[in-house]
Amino acid sequence: MHARKINDRVSWMGAIHWNRRLFDSLIPLPDGTSYNAYLVRGSEKTALLDTADPAMQHLLDAQLDGVGQIDYLVAHHAEQDHAGAIPAVLKRYPEAVVITSPKAKGMLVDLLCLPEDRIRTLEDGETLSLGDATLECIHTPWVHWPETLCTYLREDRILFSCDFFGSHLATTDLYVRDEARVYEAAKRYYAEIMMPFRPTIRRNLAKVEAHDVALIAPSHGPVYDRPAFILDAYRDWVSETVKNEVVLPYVSMHGSTRKMVEVLVGALAARDVTVHVFDLAVTDIGKLAIALVDAATLIVGTPTVHVGPHPAVFYAAHLANALRPKLRFAGVIGSYGWSSKAVERLAALIPNLKVDILDPVLARGYPRPADIKALEALAETVAAKHRSL
Ligand code: FEO
């Protein structure tokens, strides 16, 4: 992939990683990803903004052939998918200086062993002049590490946002062309990466929105030439508004819990509650994370295994707790053979969730008419609580 021109002074560089399927050995990447770097040529100085994952460094190396001197290497984030190739770029350009936030400086030294004397820091609001182009530093901590920053190219009104507003999406579209596809990928990205820091994201969103932005150029996925598309989406996701939706992850070993899930889904749907159902034996945890962005209620379906919840449910509950979605209610349904502490153990797994716990529905063995009735009552309770929001 060659560098691609955005305007007379800014070009996209970096790599599209079509076949990457896992990030951090944790996050599914069904659509691959990209590592976007940007070259900004001022009348006096040239800056490279971020680099690429070391696995794809050879592509960036080839794009830099013929570029000439790089004076500044702006590091918006110390994570290796953007900063990992900085040591190689510094070696190639012995005069180049890394520009970053004071917090990121320490992290770049710790994680990448960068020499401190090659790093210059910018305070929030401070600018870097490239001659006829000015990069303004905007500190945006916790999107999604403590050191993260954005830069704003004043003359062209371009916000370089790194992970903020990003999407794990491999595409040859330089700009967003398929909004529905990018919306899904950006929401997945927000859910998995940004949602745990929602109040901070909201503050940083207001901070970047104070700038007049014509283009948002993130470090994953396509560039937003209609910034309102992603800004509106983020405003919705970070808001306090929850939707009339239930997320229902479950596991069933012999069909009893599945039967209860089927009954509850039907009862909720009959009351116009949208339900997102995930069989944890086969689910993509990214889709589960997306569903958690908006939902008012989480109900977990689990059989009892060794007195507690099924291990797959432990994992899902731990994940939901870590992602800190804006849920209001949580509940448990499921089947057990002889005794169960599934409810107590699940409740202990979700201290971060500020939820009211609904009365559980546990069936001894296969659900009987009384259990079905309890599930109908649970659906009615959920629908009434959602109506009251
Ligand atoms: Fe894309 Fe947090 O790195």
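For the chain, give the share of DSSP beta bridges that are antiparallel, in percent and rounded to the nearest 5; count only bridges with both residues there.
Around 45 percent antiparallel, to the nearest 5.
As an exercise, use a Förster radius of 30 Å and the Cβ-Cβ distance of residue 381 and residue 354 to find the FRET efficiency, rounded to the nearest 0.05.
Computed FRET efficiency for residue 381 and residue 354 comes out at 0.95.
Taking R0 as 51 Å, what's the FRET efficiency between residue 364 and residue 65 from their Cβ-Cβ distance, rounded to 0.05?
Working: r = 70 Å, r/R0 = 1.38.
Approximately 0.15, to the nearest 0.05.
With charges only on Cβ, +1 for K and R and -1 for D and E, what is the dipole size of the range 1-148 about its Cα centre, in debye, rounded to 20? Let's see the in-between values first.
Working: 13 positive and 21 negative charges, 81 e Å.
Computed charge dipole of the range 1-148: roughly 380 debye.
Quick one: if the Förster radius is 35 Å, what FRET efficiency do residue 228 and residue 284 give, using the C-beta to C-beta distance and rounding to 0.05?
For R0 = 35 Å, the calculated efficiency reads 0.75.
Provide the percentage of antiparallel DSSP beta bridges, counting only those with both residues in the range 17-119; round to the nearest 5.
50
Sequence neighbours fewer than 8 away in the same chain don't count; with that in mind, list the aspartates and glutamates whose C-alpha is under 15 Å from residue 326.
Counting by Cα, and skipping residues close in sequence, residue 326 has these aspartates and glutamates nearby: 192, 236, 240, 245, 294, 356.
So what does residue 344 come to for accessible area, using a 1.4 Å probe and Å² rounded to 10?
Estimated to the nearest 10 Å², residue 344 gives 110 Å².
Provide the packing ranking of 122-128, 73-79, i.e. peptides ordered by the mean count of other C-beta atoms within 10 Å per residue, highest first. Show your work: numbers first, answer last.
Details: 122-128: 14.4, 73-79: 25.3.
Output ranking for 122-128, 73-79: 73-79, 122-128.
Keeping all protein chains in place and using 1.4 angstrom, which order do 282, 251 fall into by accessible surface area, from largest down?
Accessible-area ranking of 282, 251, largest first: 282, 251.
Scaled to the compact-protein estimate 2.2 N^0.38 Å, what is the alpha-carbon radius of gyration of the range 191-331, rounded to two decimal places?
So the range 191-331 has a normalised radius of gyration of 1.23.
When the Karplus curve 6.51 cos²θ - 1.76 cosθ + 1.60 is applied with θ = phi - 60°, which whole-Hz ³J(HN,Hα) does each residue of the range 67-73 get, with x for Gly and Pro?
Rounded to whole hertz, the list is 6, x, 5, 9, 8, 10, 10.
Please report, in debye to the nearest 20, how large the charge dipole of the chain is about its Cα centre when each Lys and Arg carries +1 at its beta carbon and each Asp and Glu carries -1 there.
1280
For a quick size check, give me the Cα extents of the chain along its three principal axes, largest first, whole Å.
Taking max minus min along each principal axis of the Cα atoms, the chain gives 78, 37, 34 Å.
Just order 53-64, 355-366, 109-120 by mean Cβ neighbour count inside 10 Å, highest at the front, would you? Could the numbers behind the result be given before it?
Values: 53-64: 18.4, 355-366: 16.2, 109-120: 13.8.
With the highest mean Cβ count within 10 Å placed first, the list reads 53-64, 355-366, 109-120.
The values are calculated or read from the model by the stated rules, or taken from the named source; none is laboratory data. This one's a predicted model, so the numbers in the text were calculated from it and none came from an experiment. So basically every Cβ, Gly included, is an ideal-geometry build from the backbone, and we count neighbours across all protein chains shown. Heavy atoms of the whole protein, side chains included, go into the accessibility calculation; ligands, DNA and RNA do not. Shrake-Rupley method; radii C 1.70, N 1.55, O 1.52, S 1.80 Å.
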